[in-house]
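Participant: The structure that follows is given in the form of structure tokens.
The values are calculated or read from the model by the stated rules, or taken from the named source; none is laboratory data. All values reported here derive from a predicted model rather than from experimental measurement. As a convention, Cβ positions derive from the backbone with ideal geometry for all residues, glycine included, and neighbour counts pool all protein chains shown. What goes into the accessible areas is simple: the full protein's heavy atoms, side chains included, and nothing from ligands, DNA or RNA. Shrake-Rupley method; radii C 1.70, N 1.55, O 1.52, S 1.80 Å.
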Amino acid sequence: MKYPVNSSLRHRGKALEIDATQEIVRLIGITGEPIAILPWDFIIDQLLAYRKPPVPKEVRSEPRVSLSFPIRYNTLEGSQIESRAGGIGGGGLFIESLSPLPIGTKLTMEFALPERPTEWLPARGVVAWVCPKADQYTFSPGMGVRFSEIAPEVRDRVLALVKVLQSAEQAA
């Protein structure tokens, strides 16, 4: 099928010819000469490269901040892993990892907040979401962990730190 280009000022008079049998698209010049041929795979790859990923609806009910601090966690299978957290809030934290665990994985963890870097705070959590590769806008690869068990005094310290950091961000 041949489709004339009418609306584009730069390309008016040219045509796109779609060949479903060969799965190609040809660009035809004003005088009918073939200018370019592209396979469907290339066109699909280009369309996917420029799409904007859907923005997930915010489901957090707790304030959070971006913050880097050390974390150690154990899976229920017994793996012990040391990493860095990239953010925290009253409901959970984000663990940076090139090999994030599957959603639903339960883990025990302990983390050290910057104001007392030698004091390790315990908590339990569940992997709620995964970022398998770096997102150029917001995240490193890793996993969002929702707290399932956290002592009230630990949660209070997290919330106090979040409040201080949010106030500092707003003042800046």
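Participant: At residue 9 and residue 24, where each label point lies 7 Å from the Cα along Cα→Cβ, what is the point-to-point distance in nanometres?
Facilitator: Taking the simple label geometry, residue 9 and residue 24 are separated by 3.3 nm.
Participant: Could you work out what % of the accessible surface of the chain is carbon and sulfur, using a 1.4 angstrom probe and leaving DNA, RNA and ligands out of the count?
Facilitator: The value for the chain is 57 percent carbon and sulfur by accessible area.
Participant: Give the calculated FRET efficiency between residue 163 and residue 110 to the nearest 0.05, with a Förster radius of 22 Å applied to their Cβ-Cβ distance. Let's see the in-between values first.
Facilitator: On the way: r = 22 Å, r/R0 = 1.01.
Once rounded, the FRET efficiency stands at 0.50.
Participant: In region 84-149, which GluC sites (Glu not before Pro) are in a loop and have at most 14 other Cβ atoms within 10 Å, using DSSP for the loop call?
Facilitator: 115, 119
Participant: Whole number please: convex hull volume per residue, Cα atoms of the chain, in Å³. Can you show the working numbers first?
Facilitator: On the way: hull volume 33.2 nm³, N = 172.
Residue-normalised Cα hull volume stands at 193 Å³.
Participant: What's the magnitude of the charge dipole for the chain around its Cα centre, counting Lys and Arg as +1 and Asp and Glu as -1 at the beta-carbon? Answer in Debye, nearest 20.
Facilitator: 460 debye
Participant: Report the FRET efficiency, 1/(1 + (r/R0)^6), for residue 51 and residue 75, where r is their Cβ-Cβ distance and R0 is 25 Å, rounded to 0.05.
Facilitator: 0.15
Participant: Additional query: On a straight-distance basis, which aspartates and glutamates could pair with residue 163 in a cross-link, Cα separation under 16 angstrom, same-chain partners fewer than 8 positions away excluded?
Facilitator: In chain and number order, the partners are 62, 115, 153.
Participant: Sticking with this structure for a sec: Spin-label point model (7 Å from Cα, Cβ direction): what's the residue 156 to residue 36 distance in nm?
Facilitator: According to this spin-label approximation, the distance is 6.5 nm.
Participant: Excluding ligands, DNA and RNA, what is the solvent-accessible area per residue of the chain at a probe of 1.4 Å, expressed in Å²?
Facilitator: Ligands and nucleic acids excluded, the figure is 69 Å² per residue.
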